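As structure tokens, the structure follows; a few thoughts come after it.
The values are calculated or read from the model by the stated rules, or taken from the named source; none is laboratory data. Note that the structure is a prediction, hence the values are computed from the model and not measured. Every residue, glycine as well, gets a Cβ built from its backbone with ideal geometry; the counts of neighbours run over all protein chains shown. We work out accessible area using only protein heavy atoms, side chains counted, and drop any ligands, DNA or RNA first. Shrake-Rupley method; radii C 1.70, N 1.55, O 1.52, S 1.80 Å.
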Amino acid sequence: MMYSKIPLAQTITQLCFLKEIRNIIICPGSRNAPLTIGFTENPFFNVYSIVDERAAAFFAMGIAQQTGTPTVVVCTSGSAVLNFYPAVAEAFYSDIPLILISADRPSNFIDIGDGQTIRQEHIFEKHILYSANLTTEDSDQNYNETQINNAINTSFELKGPVHINAPFDEPLYEKTNQLLVAPKNEPLSITKKKVDEEISEFVDLWNRSSRKLILTGVLPPNSLEQHLINQLAADESVLVLTETTSNLHHPNFISSIDQLIAPLNVEQFKELQPDLLLTFGGMVISKKIKAFLRTFPAKHHWHIDKKKAYDTYFYLSKHFEVSPQDFFESFLQKAKAIESDYQTKWLSVKKIRQRKHQAYLEKIPLSDLKVFKHILEVIPKNTILQLSNSAIVRYAQLFSLDESLKVFCNRGTSGIDGSTSTAVGAAVASKQAVTFITGDLSFFYDANGLWNNYIPKNFRIILINNNGGGIFRILPGEKNSSNFETFFETIHNLSAKHLCEMHQIDYREVVTEDQLEPHLANFFNESEKPVLLEIKTPRKVNDVVLIDYFKEII
Ligand SMILES: Cc1ncc(C[n+]2csc(CCOP(=O)(O)OP(=O)(O)O)c2C)c(N)n1
């Protein structure tokens, strides 16, 4: 096998190999040639080539999101590195293990007028779990090894982005069949924390509270074993509110939070106000639930997460630093179910809402909301559903999704800049078929997500094209001005047709409601190419349909 002749490049690629990091995305460049040589020469690695660094980093994130293990993305020096930043921030806030490796010039070449050179050390300083700034000195071999070990191990242990900045002297392209280094693979220092000793104090409080609200944010599928889900659902004093992105299901849980609470008045909010709020999972999408829990605070807020606890509601009182599975496994052994009408009351409201939801959907015209109804009726079981921001993921929240669907959305920073690339990465990494539902601004923004040679044939894109940012019509603010259309909604007349032609994607289009069902009926059938269905919806009807929805489900 051949290696780069540069010991530092060998050290990096060998440590990735020893730590069994399989998926490597390489963006083209010359300064990173030593790494490209090392990764592509070793058949252990699955190596992908992607030109656009922003798309490449989100693609890597989609792979890491599905595999749960670190994925490497490599780029050259200069502004290339900065294009990783949107994905770095997303991975930072959504706890996705990503290893960003940038090639650099040696430090004495920075800021002296050399080409394609910027200040790369600590470049992601505010949104990174570890920055390894390596050196070109052979005498620093031990230092470099430690830094690389620390960075990679941090990504494994803390599930997030880490950066390795690797300066290389020329010549860059020389190869050897000799391993010049034997880097030590430092083991992970995973210490499994035990659920608190002082847990009994909390169990007492739990057992005395007749209104316990559990709210879950973004969670990977299968975060809690079924027997724990069942035990929570069986306690009448526990109300569980989940989001589409929580991937947690039980008939006694309420998954459409806005549908439940949007129509409530002050008196009803007081009835919903919990004694105890218990949260786990990442970001919560529903703005309404956040506003409710800030205005009608619980007496206590506990959060369960191995790594971090955000004080989202401004009264966080306890952080259990364990996984939700470990927490409930021991906590529920001591907890008692107590009599209460808390859960039954809200489940009866849920039932009414669902009935009215159904009736309303039958009578509305073609609109974003109606499109979701049709898609969710036919989407095959076990699909991985990738959603873009912002109205798209919010529409999905209004429906009860089949439990076999696994749902993902870039909610770490809620960006519209990498949803397509992430979905493509997920499709490449997963054995299950991926369907990506996207808004038009998100789709055209990340058009380079399709500049990718690895998109599987069963990848499906549903582009809901309402000619602009539909979310802005739903939000408050003046709508009847050209300023609104130009600077908020940003209307356009783009279509995905030519992009699909360019990227060899089968393009289909729906412009009227009667075309929708027939198109969806065969949309998921086997095909020779990935398929994109563009559904045109009327931008000036969508917002009215949604606003009326919340009036009609009371
Ligand atoms: C990188 C980035 N820039 C700007 C925004 C602000 N933003 C949030 S939603 C949105 C419009 C999204 O429109 P579209 O993708 O068409 O989806 P829709 O809201 O119509 O469902 C914008 C610009 C953002 N979230 N991320």
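So, of the residues in the stretch 382-408 that are of a type outside the set (Ser, Thr, Tyr) and without any contact (Cβ under 8 Å) to a residue 40 or more places away in the chain, which turns out to be nearest to Leu369 (Cα to Cα)? Show your work before the answer.
Here is the first cut: in the stretch 382-408, the residues of a type outside the set (Ser, Thr, Tyr) are 382, 384-387, 389, 391-394, 396-399, 401-403, 405-408.
With the extra rule that they be without any contact (Cβ under 8 Å) to a residue 40 or more places away in the chain, the set shrinks to 402, 405.
On the way: Asp402: 17, Leu405: 19 Å.
Among those residues, the one meeting the criterion is Asp402.
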Any residue at all in the stretch 465-482 that is without any contact (Cβ under 8 Å) to a residue 40 or more places away in the chain, among the hydroxyl-bearing types (Ser, Thr, Tyr) and within 27 Å of Ala57 (Cβ to Cβ)?
-> no
Among the residues of the stretch 97-123, which ones are touching a residue at least 60 places away in the same chain (Cβ under 8 Å) and open to solvent by less than 20 Å² (accessible area, probe 1.4 Å)?
-> Pro97, Leu98, Ile99, Leu100, Ile101, Ser102, Ala103, Asp104, Pro106
Kindly check whether there is at least one residue in the stretch 361-368 that is in contact (Cβ under 8 Å) with a residue 12 or more places away in the chain, in a helix (DSSP H, G or I) and among the β-branched types (Val, Ile, Thr).
-> no
Does at least one position in the stretch 528-536 carry a residue that is of a type outside the set (A, V, I, L, M, F, W, C), under 22 Å from Ile379 (Cα atoms), open to solvent by 70 Å² or more (accessible area, probe 1.4 Å) and in a loop (DSSP other than H, G, I, E, B)?
-> yes
Of all residues making up the stretch 129-153, the number that are open to solvent by less than 20 Å² (accessible area, probe 1.4 Å) and either β-branched (Val, Ile, Thr) or more than 28 Å from the chain's Cα centre (by Cα) (or both) | 4
Among the numbered conditions (1) crowded, with 20+ Cβ neighbours inside 10 Å; (2) within 16 Å of the ligand (Cβ to nearest atom), tell me where Asn493 comes up short.
-> (1)
When both residues are 6+ apart or on different chains and their Cβ atoms are under 8 Å apart, which pairs have a first residue that lies in the stretch 63-87 and is under 25 Å from Ser223 (Cα atoms), and a second that is charged (D, E, K, R) and crowded, with 22+ Cβ neighbours inside 10 Å?
-> Ala87/Arg54
Restricting attention to the stretch 537-554, which residues are part of a loop (DSSP other than H, G, I, E, B) and either in contact with a helix residue (DSSP H, G or I) (Cβ under 7 Å, 6 or more places away or on another chain) or not hydrophobic (A, V, I, L, M, F, W, C) (or both)?
-> Thr537, Pro538, Ile553
Can you tell me which residues in the stretch 307-349 are open to solvent by less than 50 Å² (accessible area, probe 1.4 Å), among the hydrophobic types (A, V, I, L, M, F, W, C) and in contact (Cβ under 8 Å) with a residue 24 or more places away in the chain?
-> Phe320, Val322, Phe327, Phe328, Phe331, Leu332, Ala335, Ile338, Trp346, Leu347, Val349
For the stretch 369-379, which residues satisfy the criterion of being farther than 19 Å from His249 by Cα, away from the ligand (no atom under 15 Å from the Cβ) and touching a residue at least 60 places away in the same chain (Cβ under 8 Å)?
-> His374, Val378
Scanning the stretch 68-87 for residues that are of a type in the set (A, V, I, L, M) and over 12 Å from the mean Cα position of the chain (by Cα), the one nearest to the ligand (Cβ to nearest atom) turns out to be Leu82
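Only helices (runs of 4 or more DSSP H) wholly contained in the stretch 397-474 count here; list those with 3 or more residues that are within 16 Å of the ligand (Cβ to nearest atom) and open to solvent by less than 10 Å² (accessible area, probe 1.4 Å). If you could, list the steps in order and put the result at the bottom.
Numbers: elements: 419-429, 440-445, 470-474.
So the answer is 419-429, 440-445.
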Checked pairs for the stretch 429-445, first under 19 Å from Phe372 (Cβ atoms) and without any contact (Cβ under 8 Å) to a residue 60 or more places away in the chain, second within 16 Å of the ligand (Cβ to nearest atom) and open to solvent by 40 Å² or more (accessible area, probe 1.4 Å), C-beta under 8 Å and 6 or more apart or across chains, list as Gly439/Ile416; Asp440/Leu494; Leu441/Ile416; Leu441/Thr490; Ser442/Ile416
Residue ID - farthest from the chain's Cα centre (by Cα), chosen from residues in the stretch 183-220 that are over 28 Å from Trp346 (Cα atoms) and of a type in the set (A, V, I, L, M) = Ile199
Subset of the stretch 224-241 [out of contact with any helix residue (DSSP H, G or I) (no Cβ under 8 Å at 6 or more places or on another chain) and in contact (Cβ under 8 Å) with a residue 12 or more places away in the chain] = Ile229, Asn230, Ala233, Ala234
Got a number for residues in the stretch 380-396 being more than 8 Å from the ligand (Cβ to nearest atom) and either crowded, with 22+ Cβ neighbours inside 10 Å or part of a strand (DSSP E or B) (or both)?
-> 6
Quick one: in the stretch 185-204, which of the residues that are aliphatic (A, V, I, L, M) and not in a helix (DSSP H, G or I) is surrounded by the most Cβ atoms within 10 Å (Cβ to Cβ)?
-> Val195
Kindly indicate which of Asn222, Asn207 is assigned to a loop (DSSP other than H, G, I, E, B) and surrounded by fewer than 22 Cβ atoms within 10 Å (Cβ to Cβ).
-> Asn222
Yes/no for Leu520 being modelled with pLDDT of 95 or more, open to solvent by less than 50 Å² (accessible area, probe 1.4 Å), among the aliphatic types (A, V, I, L, M) and under 28 Å from the mean Cα position of the chain (by Cα) | yes
How many residues are open to solvent by 10 Å² or more (accessible area, probe 1.4 Å), out of contact with any strand residue (DSSP E or B) (no Cβ under 8 Å at 6 or more places or on another chain) and either among the aliphatic types (A, V, I, L, M) or in contact (Cβ under 8 Å) with a residue 60 or more places away in the chain (or both) if we restrict to the stretch 280-306?
-> 4
Subset tally (residues that are closer than 17 Å to Asn410 by Cα and either surrounded by 24 or more Cβ atoms within 10 Å (Cβ to Cβ) or within 12 Å of the chain's Cα centre (by Cα) (or both)) for the stretch 50-67 = 12
Which condition number in (1) out of contact with any Lys or Arg (no Cβ under 9 Å at 6 or more places or on another chain); (2) of a type in the set (D, E, K, R); (3) closer than 21 Å to Gly412 by Cα is the one that Glu121 fails?
-> (3)
